[in-house]
């Protein structure tokens, strides 16, 4: 059997991989959780790859398909193909690309020779030792560059067979494996999982001429600047075509020779322009004057970043003073985007725009779900008053219940709110009124700029099984 011993030597000194699964001593309890025994076919592969400490629990029995043997672990789908040459028979099935449909935008190769650029993506520096040891034959090719997942407060990079992440609060080098196996096996695997919601599939191009114009503009500016595309082009309320990207919304201005411009998302999302201030004497700041000797102090690193990505034409002038962040970084809003600096982030993400495009897309879509178990479906719609709210302020969550397009009276709803610090609170709302509506004001929630507050909406005693869905909003100090 293929030995990985030489490839595991670096684990203790280079990276620490953790999958947060607790062991269970009782075989009865293990069966109830859906934890299985490793098949003899994979015993050496599983053990020498780090076992449960690295790959997580075994969550399915082994099975065969088309002559290949498989078995799920939390971190992925192990595969043994006897038809391949000996050193390539053991691998992780490439389910991130084939089943989860993860496919990030291709980034241009960095200047100069760099063997860390593979399959159109720069391999994250903290992950490269792992990739270098195991290679694409076992873990697959990278499908994305390193990105930030604001909702889960972590940095991520997806490969075909396994995915890597580091929590924003973690020390450098504390790398975890994403639960690919949990995500894809889903309800077929009975287990005590965590992080059980898979990521959304990557944007699928429609290859229209309008879409290509937006994608070409995004490529020129850099996908790290605009973020990945999130939705196909559509007509905006002003009659101009626009396309939503993770960090911004681009639109075509026919009055200006069909140039592609950026929407003023900060103001659209309720971020107000601040009063100008006096200049600070600091060599790392540049003063941007507005009127009467006042203006805004802009970090030089932001100016360099803006100049490298289309100049101030695509960021706009500053509308706020820079603000210190809890991790030693800072943030600042401009007319078209808000920038952040995080000193402990991967170097590709230390300076990055905030995902205002994703916030805009979410604000334009009220989250809703429908129960199909009733004779006439009950539809629940949830929304928050603002998708961006300053730390310590009170958010209002509004619920609407309808059935056959008519409001439903007396529907009882519970909210389970998860704060950025991990603390959860449960709220029971007043039943919906004759108009089918109810609402609640949440307790003030403190959090770092850009942190996410998640809440789950559950309908009580209305349907079986219980009807629940999730939503979130962002803490943003203006």
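Overview of results
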{"read-out": "Any hit, the stretch 417-440, residues being at positive phi, out of contact with any helix residue (DSSP H, G or I) (no Cβ under 6 Å at 6 or more places or on another chain), surrounded by fewer than 16 Cβ atoms within 10 Å (Cβ to Cβ) and free of Cβ contacts under 8 Å to residues at least 40 places away in the same chain", "value": "yes"}
{"read-out": "Checking residue 326 against (1) touching a strand residue (DSSP E or B) at 6+ places or on another chain (Cβ under 9 Å); (2) modelled with pLDDT under 95; (3) over 19 Å from residue 221 (Cα atoms), the condition it does not meet", "value": "(1)"}
{"read-out": "Residue that is over 21 Å from residue 250 (Cβ atoms) and touching a strand residue (DSSP E or B) at 6+ places or on another chain (Cβ under 7 Å), where the choices are 299, 318", "value": "299"}
{"read-out": "Selection from the stretch 360-376 of residues that are surrounded by fewer than 15 Cβ atoms within 10 Å (Cβ to Cβ) and modelled with pLDDT of 65 or more", "value": "364"}
{"read-out": "Selected residue (criterion: farthest from residue 43 (Cα to Cα)) from residues of the stretch 81-99 that are in contact with a helix residue (DSSP H, G or I) (Cβ under 7 Å, 6 or more places away or on another chain) and crowded, with 21+ Cβ neighbours inside 10 Å", "value": "96"}
{"read-out": "Inter-residue pairs, beta-carbon under 6 Å, first in the same structural domain as residue 444 (by TED's automatic domain parsing) and loosely packed, with under 12 Cβ neighbours inside 10 Å and in the stretch 397-410, second modelled with pLDDT under 85 and not in a strand (DSSP E or B), 6+ apart", "value": "404/376"}
{"read-out": "Wholly enclosed strands (runs of 3 or more DSSP E) of the stretch 384-478 bearing at least 2 residues at pLDDT below 90 and closer than 13 Å to residue 151 by Cα", "value": "452-459, 467-475"}
{"read-out": "So residue 135, is it without any contact (Cβ under 8 Å) to a residue 12 or more places away in the chain and closer than 20 Å to residue 102 by Cα", "value": "yes"}
{"read-out": "Residue ranges of strands (runs of 3 or more DSSP E) in the stretch 274-356 with at least 2 members under 26 Å from the mean Cα position of the chain (by Cα) and closer than 30 Å to residue 170 by Cα", "value": "330-333, 338-341, 351-353"}
{"read-out": "Any hit, the stretch 129-152, residues being closer than 30 Å to residue 451 by Cβ and out of contact with any strand residue (DSSP E or B) (no Cβ under 9 Å at 6 or more places or on another chain)", "value": "yes"}
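The values are calculated or read from the model by the stated rules, or taken from the named source; none is laboratory data. Since the model is a prediction, treat every value here as computed from it, not as a measurement. Reconstructed Cβ throughout: ideal geometry from the backbone, glycine too, with neighbour counts over all protein chains shown.
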